Amino acid sequence: MSEQWKMICEVNDIPVLGARVVQRGLAWQKLPSVAIVRNSDDKIFALLDRCPHKGGPLSQGIVFGENVACPLHNWKIELNSGCASAPDEGCTRKFSVKVDEGAVYLDKNELSAPADEFEEALAGSFAAAPHIKAA
């Protein structure tokens, strides 16, 4: 496996129809975590652990097929795209995943990428320090 990929866990460390949460960024950054989800076909997916609706923890949702239902308002989020199913709208960030010989890897560049506007807004809602710009 190239240096681009970071081993996170073994497939068997993720419960079938469940998730494992991976922290990202430095502690002071307060970036939302990644939910690594395993469905009943042993397919592995990785999404930002925040529903695009109200930021509910997708890692605590019910996994069915290639979807997860947000535990807050039951929005159905497609695991392969991170997007809500109609009539709901919005997407959460998707992360690249590789599985090799039973090990689950995430892309290091994606894990360390700066927060996008959505993530910064979520981080702000969890009392993260605002970015201070020099005058």
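With contacts defined as alpha carbon pairs under 8 Å and 6 or more residues apart, what's the relative contact order of the stretch 3-110 in percent?
Relative contact order comes out at 27 percent.
What is the extension gain from E3 to E89, computed as 0.36 nm multiplied by their sequence separation minus the C-alpha to C-alpha distance, in nm to one decimal?
Working: separation 86, 0.36 × 86 = 30.96 nm, distance 3.56 nm.
27.4 nm is the gain from fully extending E3 to E89.
Quick one: what do you get for the stretch 1-113 if you divide its Cα Rg by 2.2 N^0.38 Å? Walk me through the numbers on the way to the answer.
Values: Rg = 13.4 Å, N = 113, 2.2 N^0.38 = 13.3 Å.
Against the compact-globule rule of thumb, the ratio is 1.01.
Readers should treat all values here as calculations from the given coordinates under stated rules, not as data from a laboratory. Worth saying up front: this structure is predicted, and the values here are computed from it rather than measured.
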